[in-house]
Amino acid sequence: MGDVEEPGRSPQPRGAPLPTFRWKQIRSHDLPGDKWLVVERRVYDISRWTQRHPGGSRLIGHHGAEDATDAFRAFHSDLGFVRKFLQPLLIGELAPDEPSLDGPQNAQLVEDFRALRQAAEDMKLFEANPAFFALLLGHILAMEVLAWLLVYLLGPGWVPSALAALILALSQAQSWCLQHDLGHASVFRKSRWNHLAQQFVMGQLKGFSAHWWNFRHFQHHAKPNIVHKDPDVTVAPVFLLGESSVEYGKKKRRYLPYNHQHLYFLLIGPPLLTLVNFEVENLAYMLVCMRWMDLLWAASFYFRFFLSYAPFYGVPGVLFLFVAVRVLESHWFVWITQMNHIPKEIGREKHRDWASSQLAATCNVEQSFFNDWFSGHLNFQIEHHLFPTMPRHNYRRVAPLVRALCTKHGLNYEVKPILTALGDIIRSLKKSGDVWLEAYLHQ
């Protein structure tokens, strides 16, 4: 079977011989209206499918002209069901003498990682414990009730109000974690039930859109710490991270005093991310994408919140309480979600294999009951990124297998104390600012 011409390529009829392609041909199909990808050595034209992709066009588009086999398996728990959607997009396969991987990737590492995943499946580590997640939801609802009872029984004084705000912020933080589990379809066997439950938790308990969250978060998982692909690190020109520090310095860009970004981060980063950035971005997404059901779910949160606390505080007081809760919650979100990523490598696309790309962008925090609960098991960030659909209560069981894989292939399996991890955020920002200043002054 020889190589084929590309123009006018259309999906192959069932039973017809599959044309073959070489990586050199495939690499040219990574344009906005022309996207191919490879899954299990088969070539798919996803150009028209990207806009219909449930995870969003950017998520699948980030894997254009790549071998997306491990990403495909990582994001989808029911592979048989998803393959039905891929079949009409099939246009060929890799030529027999072409390697399965594009570029200088470690084929043995890829093989060993896939064997590790199979071992985890055989150990039933992708099966959720219903009691675990029921307890999580129960303690979230209990905190919501406790906060209201404090104000109801003790009155709207400063002390009861401060305690209520703290408890509500903890409830909001744990709701982030639970909706995160549901978004990754790691709670229920059927994706539909996960999506419905996520809409309830994200909408009624938090006031946000589940579709908005999945749209941005799945991109982060697909290409962690890759500038312009991972929204979490595409934060210039407010903050400079990793390679963007050098780029801005060489181009003499100075919109802010970046050599002091580790200081102004404390003023605008943790306090305002959820209160300002997420609220605006979330609302814009729902309106632009016409997610009216998400908008209704979000509105139900605000209706419940104001109905619950307006009798005690009045409208101005309720607004003040809401802002206080969002600011406290925002501190938790920024510190806990970024302690595993900002201190790691941040830069342009390197086209690594799945395991290498995830390990380069993540680190773990030491395991303890408090760390597990407070971070929503994001202290096992390495395991979570390698296996996004794995229920989080199984991370500690798969961790020794992941560590052994890293040891075998000389990969860094980094584990830090929680205070060190939190401090590394500031140290990384300062380092990036210093790099920018040096490039700015000497180029």
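Points to keep in mind about this one:
- Test result for residue 110, touching a residue at least 40 places away in the same chain (Cβ under 8 Å) and touching a helix residue (DSSP H, G or I) at 6+ places or on another chain (Cβ under 6 Å): no
- Whenever a residue of segment 307-324 is polar (S, T, N, Q), its partners that are surrounded by 14 or more Cβ atoms within 10 Å (Cβ to Cβ), lying with C-beta atoms within less than 7 angstrom and at least six residues away or across chains, give the pairs 308/148.
- Selection from segment 336-355 of residues that are over 19 Å from residue 232 (Cα atoms) and part of a helix (DSSP H, G or I): 355
- Only one entry in 40, 66, 93 is at pLDDT 85 or above, open to solvent by 30 Å² or more (accessible area, probe 1.4 Å), closer than 22 Å to residue 386 by Cβ and not polar (S, T, N, Q), namely 40.
- Qualifying residue in segment 387-410 (condition: within 17 Å of residue 343 (Cβ to Cβ), part of a helix (DSSP H, G or I) and either open to solvent by 30 Å² or more (accessible area, probe 1.4 Å) or of a type outside the set (Val, Ile, Thr) (or both)): no
- Of all residues in segment 118-144, those that are of a type in the set (Val, Ile, Thr) have Cβ atoms under 6 Å from Cβ atoms of residues that are assigned to a helix (DSSP H, G or I), 6 or more apart or on another chain, in 140/171; 140/174; 140/175.
- Test for residue 182: is it assigned to a helix (DSSP H, G or I), surrounded by fewer than 21 Cβ atoms within 10 Å (Cβ to Cβ) and of a type in the set (A, V, I, L, M, F, W, C): no
- The residue that is least open to solvent (accessible area, probe 1.4 Å), counting only those in segment 117-159 that are closer than 29 Å to residue 397 by Cα and among the aromatic types (Phe, Trp, Tyr), is 133.
- Some residue of segment 15-37 being modelled with pLDDT under 80, open to solvent by 70 Å² or more (accessible area, probe 1.4 Å) and not β-branched (Val, Ile, Thr): yes
Let's see how each residue does on (1) in contact with a helix residue (DSSP H, G or I) (Cβ under 9 Å, 6 or more places away or on another chain); (2) modelled with pLDDT of 95 or more; (3) over 30 Å from residue 134 (Cβ atoms):
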{"residue": "355", "(1), (2), (3)": "yes, yes, yes"}
{"residue": "370", "(1), (2), (3)": "yes, yes, no"}
{"residue": "408", "(1), (2), (3)": "yes, yes, yes"}
{"residue": "423", "(1), (2), (3)": "no, yes, yes"}
{"residue": "433", "(1), (2), (3)": "yes, yes, yes"}
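- Residue in segment 194-208 that is within 26 Å of residue 286 (Cα to Cα), buried (at least 21 other Cβ atoms within 10 Å of the Cβ), aromatic (Phe, Trp, Tyr) and in contact (Cβ under 8 Å) with a residue 40 or more places away in the chain present: yes
- Per-region count, segment 364-380, residues assigned to a helix (DSSP H, G or I), open to solvent by less than 10 Å² (accessible area, probe 1.4 Å) and closer than 22 Å to residue 124 by Cα: 1
- Residue identified as within 23 Å of the chain's Cα centre (by Cα), part of a helix (DSSP H, G or I) and farther than 22 Å from residue 411 by Cβ among 113, 126, 133, 85: 133
- Selection status of residue 216, of a type in the set (Lys, Arg), without any contact (Cβ under 8 Å) to a residue 12 or more places away in the chain, assigned to a helix (DSSP H, G or I) and open to solvent by 20 Å² or more (accessible area, probe 1.4 Å): no
- Among (1) loosely packed, with under 13 Cβ neighbours inside 10 Å; (2) of a type outside the set (S, T, N, Q); (3) under 30 Å from residue 35 (Cα atoms) - the single one residue 114 does not satisfy: (1)
- Filter result (without any contact (Cβ under 8 Å) to a residue 24 or more places away in the chain, assigned to a helix (DSSP H, G or I) and surrounded by 15 or more Cβ atoms within 10 Å (Cβ to Cβ)) within segment 228-271: 247, 264
- Residues satisfying the stated conditions in segment 298-320, i.e. open to solvent by less than 80 Å² (accessible area, probe 1.4 Å) and within 21 Å of residue 179 (Cβ to Cβ): 298, 299, 300, 301, 302, 304, 305, 308
- For segment 96-110, filtered to residues that are open to solvent by 60 Å² or more (accessible area, probe 1.4 Å) and part of a helix (DSSP H, G or I), the residue that is nearest to residue 401 (Cα to Cα) is 108.
- Residue within segment 326-338 that is in contact with a helix residue (DSSP H, G or I) (Cβ under 7 Å, 6 or more places away or on another chain), open to solvent by 10 Å² or more (accessible area, probe 1.4 Å), β-branched (Val, Ile, Thr) and farther than 28 Å from residue 387 by Cα present: yes
- Residues that are crowded, with 17+ Cβ neighbours inside 10 Å and touching a Ser or Thr at 6+ places or on another chain (Cβ under 6 Å) occur in segment 420-432; there is at least one.
The values are calculated or read from the model by the stated rules, or taken from the named source; none is laboratory data. Since this is a predicted model, take the numbers as computed values, not measurements. When we count neighbours, we look across all protein chains shown, and the Cβ atoms used for this are built from the backbone with ideal geometry, even at glycine. The area values use the complete protein model at the heavy-atom level, side chains included, leaving out ligands, DNA and RNA. Shrake-Rupley method; radii C 1.70, N 1.55, O 1.52, S 1.80 Å.
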